[in-house]
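Input: a single structure, listed below in structure tokens.
Each reported figure results from applying straightforward, stated rules to the coordinates on display, with no laboratory input. For clarity, every value in this text was computed on a predicted model and none was experimentally measured. A quick note on method: Cβ atoms are made from the backbone with ideal geometry, for glycine too, and the neighbour counts reach across all protein chains shown.
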Amino acid sequence: MAARTDFGPPDFHSMLPPVIQKNYGQWKYHERVKPGLLKHVSESGDELYTVRVGSERLLSTDHVREICDLAEKYCGGYLRFTSRHNLEFLVSDSKQVEPLIADLKGRGYPVGGTGAAITNIVHTQGWIHCHTPATDASGVVKAVMDDLFEYFGAWKLPAYCRISLACCLNMCGAVHCSDIAILGIHRKPPHVNHDVVRAKCEIPNVVAACPTGAIRPDPPNKSLTVNEEKCMYCGNCYTMCPGMPLADAEGDGVSIWVGGKVSSARTPPRMSRLAIPFLPNNPPRWPEVTDAVKNIVETWAKHAHKHERMGEWIERIGWDRFFELTNIPFTEQHIDDYTLATETFRSTPAFRW
Amino acid sequence: MAARTDFGPPDFHSMLPPVIQKNYGQWKYHERVKPGLLKHVSESGDELYTVRVGSERLLSTDHVREICDLAEKYCGGYLRFTSRHNLEFLVSDSKQVEPLIADLKGRGYPVGGTGAAITNIVHTQGWIHCHTPATDASGVVKAVMDDLFEYFGAWKLPAYCRISLACCLNMCGAVHCSDIAILGIHRKPPHVNHDVVRAKCEIPNVVAACPTGAIRPDPPNKSLTVNEEKCMYCGNCYTMCPGMPLADAEGDGVSIWVGGKVSSARTPPRMSRLAIPFLPNNPPRWPEVTDAVKNIVETWAKHAHKHERMGEWIERIGWDRFFELTNIPFTEQHIDDYTLATETFRSTPAFRW
Amino acid sequence: MSDTPLLDELENGPWPSFVTDMKEAAEKKPAARDLMRQLELSYKERVGHWKHGGIVGVKGYGGGVIGRYSDQPAEFPNVAEFHTFRVNQPSGWFYTTKVLRQLCDVWDKHGSGLTNFHGATGDIILLGAPTSELQPTFDELSSIGFDLGGSGSDLRTPSACVGPARCEYACIDTLDICNDITRTYQEQLHRPQFPYKFKIKVSGCPNDCVAAIARSDLSIIGTWKSHIRIDAEAVKQYAGSSLDIQTEVVDLCPTHCMKYDAVAKTLAIDDAECNRCMHCINLMPKALRPGVERGATLLVGAKAPIVQGALLSWVLVPFMKMEPPYTELKALIEKIFDWWDENAKMRERLGELIKREGMGDFLRAVGLKPVPQMIMRPRANPYFFWRDGEVK
Amino acid sequence: MSDTPLLDELENGPWPSFVTDMKEAAEKKPAARDLMRQLELSYKERVGHWKHGGIVGVKGYGGGVIGRYSDQPAEFPNVAEFHTFRVNQPSGWFYTTKVLRQLCDVWDKHGSGLTNFHGATGDIILLGAPTSELQPTFDELSSIGFDLGGSGSDLRTPSACVGPARCEYACIDTLDICNDITRTYQEQLHRPQFPYKFKIKVSGCPNDCVAAIARSDLSIIGTWKSHIRIDAEAVKQYAGSSLDIQTEVVDLCPTHCMKYDAVAKTLAIDDAECNRCMHCINLMPKALRPGVERGATLLVGAKAPIVQGALLSWVLVPFMKMEPPYTELKALIEKIFDWWDENAKMRERLGELIKREGMGDFLRAVGLKPVPQMIMRPRANPYFFWRDGEVK
Ligand code: SRM
Ligand code: SRM
Ligand code: SRM
Ligand code: SRM
Ligand code: SF4
Ligand code: SF4
Ligand code: SF4
Ligand code: SF4
Ligand code: SF4
Ligand code: SF4
Ligand code: SF4
Ligand code: SF4
């Protein structure tokens, strides 16, 4: 029998715990009871407690079953995940909240990630499953979260700080609007494998794929040439054509971007901007990356006003000050030279010394 | 005898009145005594009064001689012009100030243009001397200044309001950073005169001159074709090649731009942005233009805070409110579709109704 | 000694370790074991070990499975083929433990025993199965009520914030909209026929908890028109709390439209000037609530940097009522699909196409009038067009 | 009846009328008369009546005269040839009546009797002479000490704000710099050999009264490093005046680095945070003065929209001392000329070239290090280069 097709996802209504079914759309307010614990109160007076738990996202089926055990024991068999890959236990019986938290802690699950904390790092596949990464994803995330762990379960920061990671310029982590973005980058042009190009690639499509026009067809050779001067290692040609690999142990690594945000609270959404052009891949702990991220987080935490996101703080003090306070060297790479470059230049003599 | 060449401009030192020679670089402070009258005081205690006088810029030699008469009578034979084409009488003897002003007024010279006033309109040649204008310059300026005259000689505005005019997109008036810019525009593609193109133009240069790639060579015809869909009437092809005239009585007219500034006071310099895409050429008084400019000036004057330039006011209230308050219709033309377009789009749901 | 010493190090530290999960799975699954070993090699060599691409799938569908082959199949035979499923999540990522256990059982039977809850687009990711197991896996998923998500040049799995299920700020029924759209566009989701991917995300308010504005071609964000509801009693309570209403709320209001009387402990908002940024509501959820006339702002164009630089979505429709069956929304979506489909080059996202063709063309194609809310500021360049008939 | 009824209307109204000037000249000069009549025709028909271009000049020079021919020479024979001179003004547009009268005499003798004081670049414009009068006019100009300005692809006439001659804010000697540069680069000014025009303007402080930042390829703007000088007595006087120091000065300071004590009537500035925007000094010139360690910020790139959109200049050198003979400045100018000359396409301004080649290349060519003051914010796109040697 052929499988049914096109029936769509399970209806979410069937996944909602009774307290939500009853109070759907009727929530009146919430309280952040303590880090990791939210309390939502309905017009009806009903209460719902949410316990947020950090997750590595890459879960074994056995681990998922353990989570189910917990949800069954404390939450009537319901749970959810968040848009940042955390777990949320939905507790309708207030008496179950503390036992659940104790049980979680006992098993080593971190409770936190709400409010002015560092929550989970949205991330991607890395060396675990993708063909274009310039760094690993899960390993870097683990190293950074271990290093920032004190900020996950406590409110010690001026505001939200959302960290994301993408292992290549495709940016599957959609890191481009994060308070801190960790982005894998290549630094060497593709190493053209002419046999593969000839066998597998549509030359015109590969040529068209290059944002800087670095690729030229090489008709006699039925292949391509890359103008290495013009290549900025985006990897889009490799996406189109397996004959153009860029991965390289020395060339590859991580760049750090700061100051993006998504919410419209106070100030409009904005993109993250380059803070550190390159840090080496240094598995398993990426110490250069963890140090850099911590330095940025803590410099911000020390200087920002209350409720001031990373980007709001930097725009207030100026990027010149940001580089000064974080002690990050300013390089040629920081100066934009792509299509919107002139919009980023300083067209005023008003700046700080 | 061949004329001397490359000796350069007259040395400005020889043009400075004695009080300036003596106090050069020693000025301590100034006062705006009244509209059109500045008083500068030196470390030495010396005083210099400046009477600023509006000028039509296009001066006959006899008119220049009349100005010289005045400068000789009241200023020891010294005077200067300003960066906005006004006249400045430099009076070192305070007793001469009021007689000079009375004499000027008697002869119909307008005194003013200092402080929170509307000063002269920086402008260009128009139909008087240029080959590419889409409107006249001197006539529009005269009509607008007559209409705004009450703001030249009095301080009734919240801040500076700098108006400039350029008669075509070459923007010789450098209008692009003005509180209000009046810019002549064409609205019809060039009408190709193939004979002239063949006789006088370098085809590749003309093709390269088009910012939107609307021009293609037409080799059989030894001429060019224009893709009218892609042409936005900038006139750059005509600058390169007389065979591409755009001037047209119905097509040509005036656009209005607002919110630019040059000084770094409070906020950085910024470009003017499109307020009204088209108003017809309606000589000799351009009533649609004078009405539009006055409406913008007076709406700003009514709503802005003290010291708030046009652009600062608009950015505070939002461009949506600007269009509402000025009653200017919002059109497709306002939405950018050139290279930096996406930077001008509203990437937030936070806006006013 | 362990043959994954580098990975083992990542079992230390307080944050949950993916290595521990891999080891758990590896106990039962040779594929998980080989995945670890290959990853260890990557950690040693500092490069990945997957071959480029590979097209695989299940009957009737064009997307939903990402093909993946090891570049060292001899060394790691159990991940020689290691394809992943993108399984469409229930709206809002709500689950009963029952369905989660069913999913685990299916995946233990056919795959590596490793998952992602969830992928960055929102799907459940079932990480790694050989080609031969693809169809059987899908058949069983289908029998427990799970369908595939998108991949390739198709509609991608839409996602939504928790919305009215647990958030008092929700101005629209994010979960229902997400679910309804996903079901309506099954064909577009499952059979790549677009110029490139198309993403839709739904947030209930401008806090935008699914980051719709940053990463969806169509971003649907709840908002309101009427005034912010103020509970005067609750304001007084906040006045007595550790919150400094003047400096933390009023002074940070971007439109300066709030006034706080510290003596009377009353708050006033000039709603005509409010831009609904959410800041005050976020800080005083017991005292302030979004207005009652609710709907959504629709924005278009967000995407990651490839090819011409990242974009954030921008306003297309300032306000649209959002009530089932979402007729107006769907009519617009379909017009957008059509115009994009007809005009885009290969691998050109909606935002890039609008950038190339101009908002004017796009607005006329989808039948919308230009309004100032679409822009932050008007053009600064004088390079604009006049259409047929506009000039005599 | 008058044959210029449309123009006549422009003699009404309080603003000085250029038509009156034209009529004055027309009484003596047939060319001025024909100019008016041709302009009247333009007013009637709403189009210009000058032919395209025309290259004319004087011996030894490549620029300085703009050729112009009527497209109706039969109707308006006295403006059949109507070329204008660009005459280099004295720095700051200061004149003795003596030289002005000499200029008028020369122009009455050879030209139309019409002038512009001044052109938008800063030159004295002598408006309209036939080809035969060009050399004689130049010879006489030269004998009274006036040389030509720039036109075509050359250095254009530099200009400067009134500066130390009459302004207490001047941080540099604008007039001397302008004069010195103009004299140093006579060759570049008079003989077009650049890829396109190059403009230099000098303002004494960030108020930028010659709009250098908007319209010069190299913008030289005075500034200071040390602290703003505060005269405490004068602050007290302002406190008693109509100026509201708190709301008009302190609250508008963009860096929030000022504190005003309304009781003690004292003002304090945290100079490390001040960005030298000038606002406070502008409002309280008796009390506040720029610091004593003075120099200039150099910015590059401004231009009008043709071809790729207008640009504002951006910071190249945050601070340079400005003392005669301006050796450091000139060394930099020459490096800029060289790099631009070597790399620019025809009609490519400096700003456009930097845009095309990238600031990195430009900085290396002129021997400057990247500093954060050059930018408002760093790049948002991940498309950056690594140079030889940076990557192993
Ligand atoms: C659970 C979740 C939605 C979901 O459907 O999964 C969620 C839930 C809530 N968000 Fe959120 N947000 C969630 C992702 C986001 C995101 C998306 C992201 O980070 O990728 C954003 C945009 C972030 C950005 O701007 O870069 C987001 C920006 C906000 C904001 C705006 C904060 C700001 O000042 O910029 C608020 C308001 C607040 O915190 O008071 C908010 C407020 C809330 C509230 C208080 C809403 C409510 O009344 O229930 C919820 C608890 C917040 C908390 O964590 O303390 N939520 N929230 C997401 C939890 C992610 C996680 O596991 O950590
Ligand atoms: C699995 C996932 C990352 C993850 O670990 O979560 C992913 C993985 C891949 N993405 Fe992605 N993208 C994933 C979410 C995203 C997102 C985020 C989002 O959807 O919110 C983005 C940025 C938003 C956007 O779409 O612009 C994203 C932007 C890209 C791009 C760049 C697209 C662009 O227009 O700039 C590519 C390149 C391409 O399409 O050729 C890409 C391509 C890929 C490919 C298919 C690699 C390729 O070049 O063929 C990756 C397959 C990895 C693998 O082997 O499994 N992926 N990708 C995410 C999908 C999981 C899911 O369905 O839930
Ligand atoms: C005479 C002149 C310089 C020259 O070399 O010719 C000049 C002279 C003065 N300017 Fe200016 N400015 C002159 C053109 C400019 C320009 C250029 C322009 O408009 O094209 C600007 C930039 C305008 C802009 O930002 O768009 C300019 C922006 C300023 C400012 C900044 C105002 C602001 O708040 O943005 C000040 C400060 C002030 O007004 O207190 C200033 C201040 C002054 C002071 C007070 C300086 C002083 O201490 O002497 C002078 C008298 C100002 C007055 O008019 O009340 N001057 N000033 C120019 C007179 C033009 C005219 O005829 O009206
Ligand atoms: C006379 C003057 C206007 C005026 O009435 O004051 C003028 C007049 C012309 N300009 Fe200009 N420009 C004049 C100042 C400017 C300025 C302002 C400035 O220098 O501060 C600008 C904008 C700043 C800039 O350079 O970017 C300016 C930007 C242009 C452009 C566009 C250049 C660009 O790169 O975008 C052109 C087109 C061209 O060069 O082909 C142009 C071309 C022209 C031509 C030569 C027409 C042409 O296409 O060949 C005009 C000759 C008119 C005539 O018949 O007399 N003119 N031109 C100004 C020179 C007077 C003087 O020497 O003092
Ligand atoms: S960011 Fe790049 S390397 Fe990472 S999963 Fe996406 S496409 Fe693959
Ligand atoms: S990596 Fe990017 S820039 Fe380099 S050749 Fe490939 S597509 Fe072009
Ligand atoms: S703005 Fe255009 S029309 Fe006017 S003088 Fe300059 S080049 Fe000529
Ligand atoms: S007017 Fe401008 S856009 Fe039109 S064809 Fe000529 S150069 Fe191109
Ligand atoms: S986007 Fe708004 S409605 Fe949705 S969860 Fe976040 S705060 Fe609540
Ligand atoms: S929602 Fe934002 S803009 Fe509106 S009152 Fe609250 S803080 Fe101010
Ligand atoms: S730029 Fe500065 S120094 Fe020059 S005149 Fe203007 S205010 Fe004075
Ligand atoms: S110069 Fe500007 S930034 Fe500096 S103290 Fe004065 S107002 Fe503030």
**Asked** Dipole of segment D:79-130 (Lys/Arg Cβ +1, Asp/Glu Cβ -1, origin at the Cα centre): which of D:His118, D:Gly128, D:Thr96 lies farthest to the positive side?
**Response** D:Thr96
**Prompt:** Taking only Cα atoms, what is the 0 to 90° angle, nearest 10, from helix B:138-147's long axis to the longest principal axis of chain B?
**Reply:** 60 degrees
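Checking the a/c ratio against 1.5 first, then a/b against b/c, what shape does the Cα gyration tensor give for segment B:284-353? Let's see the in-between values first.
Working: a/c = 2.10, a/b = 1.29, b/c = 1.63.
Oblate is the answer for segment B:284-353, as a/c is 1.5 or above yet b/c matches or exceeds a/b.
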**Asked** List the cysteines of chain C that have no other Cys Cβ closer than 4.7 Å: which are they?
**Response** C:Cys104, C:Cys167, C:Cys171, C:Cys178, C:Cys205, C:Cys253, C:Cys257, C:Cys274, C:Cys277, C:Cys280
**Prompt:** For label points placed 7 Å from Cα toward Cβ, what is the shortest-first list of nm distances from B:Asn282 to its copies?
**Reply:** 7.2
**Item:** Per DSSP, loop chymotrypsin sites (Phe, Trp or Tyr not before Pro) in segment B:1-74 with at most 14 further Cβ within 10 Å
**Value:** B:Phe7
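Remind me, what semi-axes does segment D:1-90 give for its equivalent ellipsoid, largest first in whole Å, using sqrt of 5 times each Cα gyration tensor eigenvalue? Display every interim value, and only then the final one.
On the way: eigenvalues 134, 59, 27 Å².
Largest first, segment D:1-90 gives 26, 17, 12 Å.
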**Prompt:** Any idea what Rg and Dmax come out to for segment A:238-328 if you just take the C-alpha atoms, in Å?
**Reply:** 16.2, 51
**Request:** Return, for the Cα atoms of segment C:262-341, the radius of gyration and Dmax in Å, separated by a comma.
**Result:** 18.1, 60
**Prompt:** Where q = 0.09, 0.10, 0.11, 0.12 Å⁻¹, what log10 of I(q)/I(0) comes from the Debye formula for segment B:100-249, counting one point per Cα?
**Reply:** -0.41, -0.48, -0.55, -0.61
**Prompt:** Over all pairs of distinct alpha carbons, what does the Kirkwood formula give as the hydrodynamic radius of segment C:233-392, in Å?
**Reply:** 19.3 Å
**Complete:** Only helices counted: for chain A, with every DSSP H run of 4 or more residues adding -39500 (n - 2.57) and the sum spread over all residues, [θ] at 222 nm is -7500 deg cm²/dmol
**Asked** Helix A:97-106 versus the longest principal axis of chain A: what angle, 0 to 90°, nearest 10, using Cα atoms?
**Response** 50 degrees
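Using alpha carbon coordinates only, what is the Rg to Rh ratio of segment B:196-279, with Rh defined as the Kirkwood radius? Numbers along the way, then the final one.
Values: Rg = 17.3 Å, Rh = 15.2 Å.
On the Cα set of segment B:196-279, Rg over Rh gives 1.14.
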**Request:** Could you work out the Rg to Rh ratio of segment D:88-135, with Rh taken as the Kirkwood radius (inverse of the mean 1/r over all Cα pairs)?
**Result:** 0.97
**Size of electric dipole in the protein assembly as shown: Cβ of Lys, Arg +1 and of Asp, Glu -1, about Cα centre, debye, nearest 20** = 640 debye
**Distance histogram in 5 Å bins (all Cα pairs of segment A:109-178, percent per bin)** = 4, 19, 24, 22, 16, 10, 5, 1
**Message:** Let me check I've understood the local charge: for B:Gly260, count other residues with C-beta under 14 angstrom from its C-beta, Lys and Arg +1, Asp and Glu -1. What total comes out?
**Reply:** +4
**Complete:** Sorted largest first, the Cα spans of segment C:21-68 on the principal axes come out in Å as 39, 27, 14
**Prompt:** Can you list, shortest first in nanometers, how far D:Lys392 lies from the same residue in the other copies, with each label 7 Å from Cα toward Cβ?
**Reply:** 7.5
**Dimensions (Å) - segment A:90-141, Cα atoms, principal axes, largest first** = 49, 24, 17
**Request:** Run through the other copies and list how far each one's label point is from that of D:Gln72, in nm with one decimal, shortest first; the point sits 7 Å from Cα along Cα-Cβ.
**Result:** 8.7
**Prompt:** Running Debye on the protein assembly as shown with equal point scatterers at the Cα sites and no solvent, what base-10 log of I(q)/I(0) appears at q = 0.05, 0.06, 0.07 Å⁻¹?
**Reply:** -0.43, -0.62, -0.82
**Prompt:** How big is segment C:140-225 by Rg and Dmax over its Cα atoms, in Å?
**Reply:** 13.7, 46
**Request:** Please name which of A:Ala214, B:Leu340, C:Tyr326 has its Cα lying farthest along the dipole of the protein assembly as shown towards the positive end, using unit charges on Cβ (Lys, Arg +1; Asp, Glu -1) and the Cα centre as origin.
**Result:** C:Tyr326
**Prompt:** So which cysteines of chain B have no other cysteine's Cβ under 4.7 Å from theirs?
**Reply:** B:Cys68, B:Cys75, B:Cys130, B:Cys161, B:Cys167, B:Cys168, B:Cys172, B:Cys177, B:Cys210, B:Cys231, B:Cys234, B:Cys237
**Item:** Farthest toward positive dipole pole in chain B [+1 Lys/Arg, -1 Asp/Glu at C-beta], among B:Val122, B:Thr331, B:Pro245
**Value:** B:Val122
**Prompt:** Setting aside same-chain residues fewer than 8 positions from C:Lys23, which lysines have a Cα under 16 Å from its Cα?
**Reply:** A:Lys142
**Message:** Counting pairwise Cα distances across segment A:28-99, what percent come out greater than 18 angstrom?
**Reply:** 39 percent
**Asked** Working from the pairwise distances between different alpha carbons, so that the mean of 1/r is found and then inverted, what is chain D's Kirkwood radius in Å?
**Response** 24.0 Å
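Assuming a viscosity of 0.692 mPa s and a temperature of 37 °C, what translational diffusion coefficient in µm² per second does Stokes-Einstein assign to chain A, Rh being the Kirkwood radius over Cα pairs? List each step's numbers first, then the result.
Numbers: Rh = 22.9 Å.
Value of D from the Cα-based Kirkwood radius: 143 µm²/s.
Of all the Cα-Cα pairs you can form in segment C:29-136, what percent are over 18 Å apart? Walk me through the numbers on the way to the answer.
Numbers: 2965 of 5778 pairs.
The proportion of pairs with Cα distances above 18 Å equals 51 percent.
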**Request:** Between beta-carbons, use under 10 Å as the cut-off and find the net charge around C:Ala272, counting Lys and Arg +1, Asp and Glu -1.
**Result:** -1
**Fill in**
One residue of chain D has its C-beta nearest the axis rotating D onto C; that residue and its distance in whole Å are D:Asp251, 6
**Message:** Taking 2.2 N^0.38 Å as the expected size of a compact globular protein, what ratio does the Cα radius of gyration of segment D:72-195 give against it, to two decimals?
**Reply:** 1.16
**Asked** What does the convex hull of the Cα atoms of segment D:178-263 come to per residue, in Å³, rounded to a whole number?
**Response** 155 Å³
**Request:** Once you have all Cα-Cα distances for segment B:161-318, histogram them in 5 Å bins from zero and send the whole-percent values.
**Result:** 2, 9, 16, 17, 14, 12, 11, 8, 6, 3, 2, 1, 0
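Report Rg(Cα)/(2.2 N^0.38 Å) for segment B:51-182, keeping two decimals.
Working: Rg = 15.5 Å, N = 132, 2.2 N^0.38 = 14.1 Å.
So the Cα radius of gyration is 1.10 times the expected 2.2 N^0.38 Å.
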**Complete:** Hull surface over four for the Cα convex hull of segment C:200-308, reported in nm², is 7.9 nm²
